[in-house]
Each structure stands twice: as structure tokens, then as C-alpha cells.
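One structure below.
The values are calculated or read from the model by the stated rules, or taken from the named source; none is laboratory data. Keep in mind that this is a model prediction, so the values were computed, not measured. FYI the Cβ positions are ideal-geometry reconstructions off the backbone, even for glycines, and counts take in every protein chain you see. In case anyone asks, the SASA skips ligands and DNA or RNA and just uses the protein heavy atoms, side chains included. Shrake-Rupley method; radii C 1.70, N 1.55, O 1.52, S 1.80 Å.
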Amino acid sequence: MQALILVGGEGTRLRPLTETVPKAVMPLAGRPFLSYMIDWLARHGIEEIVLACGYRADVVREVLGEGGSPTIRYVSEPEPRGTGGAIKFAAAELDERFLALNGDVLTDLDLGALISSHEQRGARASLGLYPVDDATGYGLVKYDSDGAVSEFLEKPEVPRPGEINAGTYVLERSVLDLIPDGEMVSVERDVFPRLIGEGLHALPLPGYWMDIGTPDRYLQATWDILERRVETELGDRLDEDGRLVDADVDLDERATVTGPALIEAGARIGPEAVVGPRAVVGSSCEIEAQATVSSSVLLEDCRVGEGATVRGSIAGSGAQVSAGATVADGSVLGPGESVD
């Protein structure tokens, strides 16, 4: 089967980190984010992936390449057209039945169950749903005992549990007939409501699901990978304490690394430095003597000076924290930014 991944967004909620690197290939626990989606699809037997790109499409292509297994191909929108418009723009590349996926979700949901349900019900479109305890940030989906969608509800104003649209769809090609060419169209708001009573079904799916589109969720997704809360290939490489230290790391014998933690190749960790718990130190980073990095992600080439503290934060590539300085409480340092 074929999968279309929508990766055209600008990742505005993750700025300044996404000003130079699109969210689709932003490092997550040491790998381009979309690598996790590609692995997930491969585990479900998907042989071909089409990436519907927009913002910094050249960077996405450069990082992920083409071909491979699954095979990866690209289409690039000339301007943003929404989720429905992006699907329509890719029409020439799509089969009679295909998966359509939002490209900002870390997940291990059971795609096989959704595909089987779609086939058994003879659906025109099938939505994967995910249960959440607080649905205030999402719209809710109502469906009957046969899985036929009956209603879409707006985001609730007060916290309440419910089943939300997981951005995971099985679509028949005929759905494209409902999307005009060259226009801004939301498949969720403009297309799916028109399919109620016309072959639109939904299925709650077991597993893990996280929208990584904000700094808080990006950090939580990182820790969930390192704590093996989501199925990933990286999880198999961690030691029993959730640590992975590359063989090409210069780790002083007096430094402390507490899992879960990931330290990438070329990093240098000085004497009496403390890394973790919950830390990612990117390639070629330098953590000087007696510095502390915890509950934080440092992307490549960062430097944390002697005695400095980075806690609960994200540092973009090349960011620097001067000796004795503190970066904490959800701070996000842009690429190359310095803190004295």
C-alpha cells in the first residue's frame, strides 16, 4: 500500500528552531523526525511513500533522499493549500486507495487495524481516532456502533475526555473529486463533513500518539522515545537505564550520565559535568566542567560553559551558554543564540 505524508507546514509553533530546518526533518532523539514515521510505515508493510512538501522542501529532500525502502518520492506545492489542497496537488502520484497522514505526529498506532476496518466496511474514507483525557485542544469525532461517523464536534471549552482525529486516514481516490484544483481546502473541515452518511467511518486505535508541534510536546516526545513509551528502532539500542552514548564521545571519567540520556558522536563531556536525567546532547556539543544538562535537548554544535546549567529547555544548533549562566523553565534558544 501507498502512504502520502503531509509535510508542507512551516512549524511556526516551534520557532525559532524551524527557521532554518523544517519540522519534518528536525532532529528528534538524534534522528530526523520523519525517520520515525518512515520506520512505522515500513513495519506495516508500506512500500511507497509520497511526501507532500512545501516549506523548505529542498532541505527535506536533502536530509531524507530518494528511493530506499520504503521508496520515497516528493511533490512540492507552489503555495500552501491546506491539507485537502495538498492531497489534491499530489493526485497524479496516488493510487486508487492510499493512506494520508499528518506529518507532525510521533506514533505507533495500529495501521493494519485501520486498513482492515476500511476494507471490511467498504468505506470511502476511514479516520484513525485516538483517546485523550483532555480534548480541549482538539475537535471530537462521534460515530455509531458500526463505526460510521455521525458528527464532528468543535473543541470543548472545558477539559473532557474524548476520541480525537489522529490525522491518520485511509482514503479512496474518489474522495479527491470533492477537492477543487488549486484552492485552499481543509480535508478535516471542508471534505470529511460532506462524507457523513456517504462512506465515512472511524476506528479508535491502540498505541502511542503525540503531536510534536510545540516545544513542550517536542520534549515529551523525546523522553517518551528514550523511556520506550513508543515503539521505535532507537529503543532497541538503549541500555537498561535508557542511555545511549556513542562510541565517538569524549566522556571524562569524572562526568555523570544518568538515563534516560542520549549523547551523539563527537560530543565532549568535561570533568564533573552532569548529563541527565532526560537529556539529549547532539553531535559535536561541548559540555564543560561542572556544567549540568537535564530535561533538555541540545542540538548539534552547542556549547555549555563551565558551571552552567541548562534545565527544561531546547537549544538550537550552535547555541552557546556561557560559564555560570542558567537556561531553564521552557526556554528555547535559536540556532547560534548566546546566553551570558
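What lysines sit close enough to K23 to cross-link, taking a C-alpha to C-alpha distance under 23 Å and skipping anything fewer than 8 places away on the same chain?
K88
With +1 assigned to the C-beta of every Lys and Arg and -1 to the C-beta of every Asp and Glu, and no other charges, what is the dipole magnitude of the chain about the Cα centre in debye, to the nearest 20? Kindly include the intermediate steps, with their values, before the conclusion.
Numbers: 29 positive and 57 negative charges, 105 e Å.
Computed about the Cα centre, the dipole is about 500 debye.
Evaluate the relative contact order of the chain (contact order divided by residue number), counting alpha-carbon pairs under 8 angstrom at least 6 apart; express in whole percent. Present the calculation step by step, with values, prior to reporting the outcome.
Values: 855 pairs, mean separation 45.4, N = 340.
With pairs under 8 Å counted, the relative contact order is 13 percent.
Quick one: length gained pulling I196 to E157 fully straight, 0.36 nm per residue minus the C-alpha distance? Numbers along the way, then the final one.
On the way: separation 39, 0.36 × 39 = 14.04 nm, distance 2.43 nm.
My answer for the length gained is 11.6 nm.
So, in nm, how far is label R121 from label R31 when the simple model puts each one 7 Å beyond its Cα toward the Cβ?
Those two pseudo-labels are separated by 3.1 nm.
Any idea what the relative contact order of the stretch 1-148 is, in percent, if you count C-alpha pairs under 8 Å spaced at least 6 apart? Please list the in-between numbers first.
Working: 179 pairs, mean separation 42.9, N = 148.
Relative contact order for the stretch 1-148 comes out at 29 percent.
Work out Dmax and Rg for the stretch 219-340 from the C-alpha atoms and quote the Rg first, both in angstrom.
My reading of the Cα-based Rg and Dmax gives 13.0, 39 Å.
Expressed as a whole percentage, what fraction of the accessible surface of the stretch 253-293 belongs to carbon and sulfur atoms when a 1.4 Å probe is rolled over the protein heavy atoms? Before the final figure, lay out each step's value.
On the way: 600 of 1430 Å².
The nonpolar share, carbon plus sulfur, comes to 42 percent.
E172: net charge of surrounding residues, Cβ under 15 Å, Lys/Arg +1, Asp/Glu -1, itself excluded? Can you show the working numbers first?
On the way: positive: K88, R97, R121, R124, R173, R194; negative: D95, E96, E119, D177, E198.
Surrounding charge for E172 is +1.
Roughly how far apart, in whole Å, are the Cα centres of the stretch 246-317 and the stretch 214-237?
Cα centres, the stretch 246-317 to the stretch 214-237: 18 Å.
Compute log10 of I(q)/I(0) for the stretch 173-255 with the Debye formula, placing one identical point scatterer on every Cα and leaving out solvent, at q = 0.17, 0.21 Å⁻¹, to two decimals.
Taking Cα atoms of the stretch 173-255 as identical point scatterers yields -0.90, -1.05.
Taking every DSSP beta bridge with both residues inside the stretch 146-281, roughly what % is antiparallel (nearest 5)?
If I count the DSSP bridges inside the stretch 146-281, around 10 percent turn out antiparallel.
Tell me which of L262, V281, I212 sits at the most positive position along the dipole axis of the chain, charges placed on C-beta atoms (Lys, Arg +1; Asp, Glu -1).
I212
With an 8 Å cut-off on Cα pairs and a minimum separation of 6 or more residues, tell me the relative contact order of the stretch 162-266 in percent. Could the numbers behind the result be given before it?
On the way: 65 pairs, mean separation 16.7, N = 105.
Computed value for the stretch 162-266: 16 percent relative contact order.
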